[in-house]
Structure formats: structure tokens, C-alpha cells
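K.L.:
The structure follows.
The values are calculated or read from the model by the stated rules, or taken from the named source; none is laboratory data. Keep in mind it's a predicted model, so treat the numbers as computed, not measured. All Cβ positions, even for glycine, are placed from backbone atoms using ideal geometry, and neighbour counts span all protein chains on display.
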Amino acid sequence: MLAEVSSECDSCATAMNIRRAAKSVLPQSVTNQIRVAAYRWTLRRFQPYEVRRCWAAHQFNLWISDPTSESWYGHDSPEVPPELSFLAQHRLRPGATVFDCGAHQCVIAMVMAKFVGAAGKVIAVEASPLNYETALRNCRMNEASNVTVIQAAVSDNLDRIEFNVRGNGQVDDGTGAWGKISVPSVTVDELARRHGPPDVLFVDVEGFESKVLRGGLDTLSRHRPDCFFEMHVGCGLEKFGGSVAAIADSLHELGYGLWMSSPALDAFVPFSGESAMVTERFFLIATVAAS
């Protein structure tokens, strides 16, 4: 038995060494193609299915279309996320308009739709074709008529943009590491022109936060929606020219008060640029005190 285990470990080590050697020898473009082909192969082998799950105290029928949605939504998550509890103390309330930027498959969008009710609306924007189609299906299955799903990447202009192909999609950072597809873009200001100004701006765009903010400055200065940003420090934010300090400064200049939390906390505390939280992925909320 020990010999068998030793042999298996040797085989694993050999495979790892081969992968490392291939990565060092093959051109980056070839490595990218192999990575994308492997992802697409995994996706083709996946058998989609429907489940019923509890999310934020609500029951939803969910279409599990790929391994990412299975890992994220294939289980119950009955507790209301701290960011939604916080926003519900402010402008996430019945009748509100929410812009959900980077809506993935609309699970959180449907939760927020419960907060705003039939008199409110959620404009859910998602760039990935797979996630967009799954989002439409989820909304249909749950009769979420107050959720409008738009296929686009939220940016600082209306030009088409290159997006990657994996389940947890992201604007391509120029490397093509996860493939490239061309998708339409939209700005927060344009969304406000089409759908009316938001009461809540909810942003989870895998590092593109600074671009979303830049494309919504007019809306934020004129209408002062509550804002939530998932800040992808070290995993995308800097690649796209953003920084925690620049985003915080812009929001302060617009008259916002800032709050912060992390995946390890269940509450928000006043923002501090000196906090250890800003060295890794964290959550930022911006609100304006009622006059």
C-alpha cells in the first residue's frame, strides 16, 4: 500500500513538473488556448439542472448551468448578506430602483428585487452570454418581473469591449488568459438615462470598479444613490488602472460617507485607508446622510 501511495505521489509530481515545463516553453498565446479549451471541455461535460434553494430568507428555483453556478448557488444561503442588510437601512427599500452591475446569474438581483417589491425595479447588467442566458432563465422561473436583464459590460464608455469566457467573467486585461469575446458596453449614466436614476448602485465587476465609477459620475453627483462596491484589490483592480485610494477620494469628493467590511466580517465599520482590509478583496459602501 505504501508503495502504491508513493507511486501515485511520484506520478502527481511528474505531471506537475510537465505542466510547469510546458508553461515555461510554450508561448503565452498557446498556453491561453489550452486553458480556454480545457474550460470549454469541462463546460461541455457539465449537465445543467434545476434546484430549489433558500437565498437570503427567500426560496428560489435556480438553473445550475455550469460548475461556477453549482459551487456558488447549489446550496442554501439563508442569511441576508451584510451588505444588503446595511443598504436596507438606507435606500434599498420598496419602490427603489437598483442597478446591479456584474449581475452574474441574477441570484442577488432577485434577492434585491424582493427588497424593492413590485413598485421597484432591478436593472441587472451582465456581460457573459452564458450567465446572461441563465439569468433570464432564473428570472422567468421565479416570475421576477421587476428584474430587467441586459447583456453588456458596465464601463466608462459605450464602445464594445473584450470580455473573457470563464464562468466568473471579467473584462479581458490584455493578456487573453481566459479567451476573448466582444460584448457591448454601457455606462451607469446611460443606464440612468434609459431607466431613470438609481437609488442603489450595486457593483461587482471583478476589478473594473474604477471604470464603472468613472462612467457614473454624473449620476452619482446629481442623484446620490447608495453605492456598494466589491473591491477586487490584488485580483483585478490595479490591472485596470484603479486603486482603493482613488475610488475613496472620488466618493468623498462627491459628498459620500464610506463604510467597509470583509468576507470574514458580518458588519460594516467606518472606512479607513489605513485598515488592513484594503490590502485584499473587501466590500465598500458609500451613503449620503439624509438632509
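K.L.:
How many residues does the stretch 26-66 hold that are aliphatic (A, V, I, L, M) and part of a loop (DSSP other than H, G, I, E, B)?
P.N.:
So the answer is 3.
Residue by residue, here is whether (1) at pLDDT below 95; (2) surrounded by 23 or more Cβ atoms within 10 Å (Cβ to Cβ); (3) more than 21 Å from ASP66 (Cα to Cα) holds:
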{"site": "ALA124", "(1), (2), (3)": "no, yes, no"}
{"site": "PRO129", "(1), (2), (3)": "no, no, no"}
{"site": "THR134", "(1), (2), (3)": "no, yes, no"}
{"site": "ARG137", "(1), (2), (3)": "no, no, no"}
{"site": "ARG140", "(1), (2), (3)": "no, no, no"}
{"site": "ASN146", "(1), (2), (3)": "no, no, yes"}
{"site": "ILE150", "(1), (2), (3)": "no, no, no"}
{"site": "ARG160", "(1), (2), (3)": "no, no, yes"}
{"site": "ASN168", "(1), (2), (3)": "yes, no, no"}
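K.L.:
I would also like to ask the following. Quick check on the stretch 168-187. Is at least one of its residues assigned to a strand (DSSP E or B), in contact (Cβ under 8 Å) with a residue 24 or more places away in the chain and touching a Leu at 6+ places or on another chain (Cβ under 7 Å)?
P.N.:
yes
K.L.:
For the stretch 52-86: of the residues being of a type in the set (A, V, I, L, M) and touching a Phe, Trp or Tyr at 6+ places or on another chain (Cβ under 8 Å), which is farthest from ALA177 (Cα to Cα)?
P.N.:
Ranking the qualifying residues of the stretch 52-86, first place goes to LEU84.
K.L.:
Search the stretch 257-291 for residues being polar (S, T, N, Q) and outside any strand (DSSP E or B), and hand back the single one that is farthest from CYS235 (Cα to Cα).
P.N.:
Residue satisfying both the conditions and the ranking: SER291.
K.L.:
Same structure, new question: Give the stretch 248-291 a look and list any residue that's farther than 20 Å from HIS90 by Cβ, of a type in the set (Val, Ile, Thr) and in contact with a helix residue (DSSP H, G or I) (Cβ under 7 Å, 6 or more places away or on another chain), or say none.
P.N.:
Matches in the stretch 248-291: VAL278 only.
Let's see how each residue does on (1) surrounded by 15 or more Cβ atoms within 10 Å (Cβ to Cβ); (2) modelled with pLDDT under 95; (3) within 26 Å of VAL212 (Cβ to Cβ):
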{"site": "ASP66", "(1), (2), (3)": "yes, no, yes"}
{"site": "SER71", "(1), (2), (3)": "no, no, yes"}
{"site": "PRO81", "(1), (2), (3)": "yes, no, yes"}
{"site": "SER85", "(1), (2), (3)": "yes, no, yes"}
{"site": "LEU92", "(1), (2), (3)": "yes, no, yes"}
{"site": "ALA103", "(1), (2), (3)": "yes, no, yes"}
{"site": "VAL107", "(1), (2), (3)": "yes, no, yes"}
{"site": "LYS114", "(1), (2), (3)": "yes, no, yes"}
{"site": "ALA118", "(1), (2), (3)": "no, no, no"}
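K.L.:
Can you find a residue that is farther than 30 Å from GLY179 by Cα and of a type outside the set (A, V, I, L, M, F, W, C) anywhere in the stretch 95-107?
P.N.:
Yes, the stretch 95-107 contains at least one residue that is farther than 30 Å from GLY179 by Cα and of a type outside the set (A, V, I, L, M, F, W, C).
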